[in-house]
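Here is the structure we will look at.
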Amino acid sequence: MTRVQRKKFGPLLAAMFLGLCGGAAQAAPDFDPASHENIRQWLDGVARQGLARDEVTRALQHARFRQNVLDAMQGAAERRLSWHEYRDIFVQPRRVQEGVAFIEAHREAFARAEREFGVPPAYIAAIIGVETRYGQHKGDHRVLDSLATLAFHHPSRGDFFQGELAAFLEITLEQDISPQMPKGSYAGAMGYPQFIPTSYQAYAVDFDGDGRRDLWEDPVDAIGSVGNYFAEHGWRRDAPVVTPAEGPATPPDGIDFNATRAPYLEASRLASAGIVPRDGASVDGSVVPLSLELADGRYRYALGHRNFYVITRYNHSHLYAMAVHDLAERIQAALDGDPA
């Protein structure tokens, strides 16, 4: 898609029929501003911000409402799975092996990303591995359809997705891509790293110097962009991500576990509740206390540091961040020759 020529949309066909017979009723586009006051108001707003009204209108005439997008938003894995179920989806031997191969195939890009952004290759690879299995599964939803559906039909986050839709259309205009072409997740995330459009605008980088920020087809741009995303969100070079801990059989009351905000609870407070770093490790200051239920009903404890919080800026789920961390650790172990 790096050289896709933008299609010049012609005027909407005068006769869009629900049936083949001449007497069938004319069908209006799902997101025609002329038929929907809220869409017309949104169009007025993005036009004032500089987007070409005619181009946006033509794009909307090709957008289609997708009920399956709304259904998928309600059933996201982070909302319905326990830790051991979620982990088993993403932390697998095959995904570890593919992560090692991905790093080896792009060693120079990973090494440069670590120099420039301070993020180890294993963590950048783990993000891309969790998101798209290293580019193998980038999504099969048309981004235009997903974002239009969510922008004007999501019951609570319409304003957010209206901003994402505007950003997406701006990207396609800037890169001379037909807005009908890109595919991604049901939530409108795109490319190797599954950036939403505003993240694409803010954090994508042209890491191979070809004059384009291409996250759809260019793994080098994706590697640099993930590194830049982490750096811009406060990743600390050579700092820990998670410290393993041990604790009681069940999580003690009075502790707010698994909150995806900056480290917020003193390690000494956790120690007084019986949650301490494993193997005598020393941890000072605030951490994110984590309690993760295992398949046998036991709990895994861990202490998340600032870099753990940074991972949650990519996806606001402690399950996601822990899966990325565990996958990164296993990728690094394999790179180091440790079969474990």
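The values are calculated or read from the model by the stated rules, or taken from the named source; none is laboratory data. Since the structure is predicted, the reported quantities are computational estimates derived from the model, not experimental observations. Positions of Cβ are backbone-derived with ideal geometry, glycine not excepted, and every protein chain shown enters the neighbour counts. Surface accessibility is based on the protein's heavy atoms, side chains included, excluding ligands, DNA and RNA. Shrake-Rupley method; radii C 1.70, N 1.55, O 1.52, S 1.80 Å.
Within the stretch 317-328, residues that are farther than 11 Å from ILE127 by Cα and touching a residue at least 12 places away in the same chain (Cβ under 8 Å) sit with their Cβ atoms under 9 Å from residues that are among the polar types (S, T, N, Q) and in a helix (DSSP H, G or I), at 6+ positions apart or across chains, in these pairs: HIS318/THR312.
Checked against (1) at pLDDT 95 or above; (2) more than 16 Å from the chain's Cα centre (by Cα), ARG53 meets all criteria but (1).
Quick grid of which residues meet (1) part of a loop (DSSP other than H, G, I, E, B); (2) touching an Asp or Glu at 6+ places or on another chain (Cβ under 7 Å); (3) at positive phi:
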| site | (1), (2), (3) |
| --- | --- |
| ASP208 | yes, yes, no |
| ALA222 | no, no, no |
| ASP238 | yes, no, yes |
| ASP253 | yes, no, no |
| ASP256 | yes, no, no |
| ALA259 | yes, no, no |
| ARG269 | no, no, no |
| ASP284 | yes, no, no |
| VAL288 | no, no, no |
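In the stretch 97-111, the condition of being among the aromatic types (Phe, Trp, Tyr) and closer than 17 Å to HIS154 by Cα is met by no residue. The single condition among (1) farther than 22 Å from SER199 by Cβ; (2) open to solvent by 10 Å² or more (accessible area, probe 1.4 Å) that ILE275 does not satisfy is (2). Considering only residues in the stretch 160-193 that are at pLDDT 95 or above and charged (D, E, K, R), the one that is farthest from THR149 (Cα to Cα) turns out to be GLU170. Of all the criteria given as (1) surrounded by 12 or more Cβ atoms within 10 Å (Cβ to Cβ); (2) modelled with pLDDT of 50 or more; (3) more than 29 Å from the chain's Cα centre (by Cα), the one not satisfied by SER35 is (1). For ALA334, state whether it is out of contact with any strand residue (DSSP E or B) (no Cβ under 6 Å at 6 or more places or on another chain), open to solvent by 10 Å² or more (accessible area, probe 1.4 Å) and within 18 Å of PRO248 (Cα to Cα). Considered against the rule, which asks whether it is out of contact with any strand residue (DSSP E or B) (no Cβ under 6 Å at 6 or more places or on another chain), open to solvent by 10 Å² or more (accessible area, probe 1.4 Å) and within 18 Å of PRO248 (Cα to Cα), ALA334 comes out as no. For the stretch 281-329, the set of residues classified as of a type in the set (D, E, K, R) and open to solvent by less than 10 Å² (accessible area, probe 1.4 Å) is empty.
Restricting the stretch 182-206 to residues that are among the polar types (S, T, N, Q) and part of a loop (DSSP other than H, G, I, E, B), the residue that is surrounded by the fewest Cβ atoms within 10 Å (Cβ to Cβ) is SER185.
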